[in-house]
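Note sheet for the following structure.
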Amino acid sequence: MSVDLGTVRRVAHLARLAVSEEELPALQGELNAILAFVEQLSAIDVSSIEPMTSVVPLTLPLREDEVTDGHYPDKVLANAPEAESGFFTVPKVVE
């Protein structure tokens, strides 16, 4: 795939880049080089490679899932407009 100068102008406009007419041929060459590299990558057979999320095998440490109050309820309720008996107080919305 090859990019012409009109496409380079359009891409520069869409990217909100101020590109002068003198810079267009150099930018065209760079974009064509990028697209050629992407074409090389698409030619590689990766069907036998398993998808991965990291290049290093990684296992995350697990902990027990416990329900707690955060151990600092006074700090949590300090910014509440209204609180009562350690809970947020909210207006009644259902009659």
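A quick yes/no check of all residues on (1) exposed (fewer than 10 other Cβ atoms within 10 Å of the Cβ); (2) over 30 Å from Asp4 (Cβ atoms); (3) of a type in the set (Val, Ile, Thr):
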{"residue": "Ser42", "(1), (2), (3)": "yes, no, no"}
{"residue": "Ser47", "(1), (2), (3)": "yes, yes, no"}
{"residue": "Thr53", "(1), (2), (3)": "yes, yes, yes"}
{"residue": "Arg63", "(1), (2), (3)": "yes, yes, no"}
{"residue": "Lys75", "(1), (2), (3)": "yes, yes, no"}
{"residue": "Pro91", "(1), (2), (3)": "yes, yes, no"}
{"residue": "Val94", "(1), (2), (3)": "yes, yes, yes"}
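The single condition among (1) surrounded by 11 or more Cβ atoms within 10 Å (Cβ to Cβ); (2) farther than 30 Å from Ser2 by Cβ that Leu24 does not satisfy is (2). Here region 28-40 is the region considered, the condition is being under 20 Å from Arg10 (Cα atoms) and under 24 Å from the mean Cα position of the chain (by Cα), and the residue that is surrounded by the fewest Cβ atoms within 10 Å (Cβ to Cβ) is Ile34.
I'd like to check which helices (runs of 4 or more DSSP H) are fully inside the chain and have at least 2 residues that are in contact (Cβ under 8 Å) with a residue 12 or more places away in the chain. It comes to 5-14, 24-42.
Taken together, the values in this text are just the output of simple stated rules run on the coordinates, not laboratory data. Keep in mind that what you see is a predicted model, and the values were worked out from it rather than measured. Cβ: placed from backbone, ideal geometry, glycine included. Neighbour counts: every protein chain shown.
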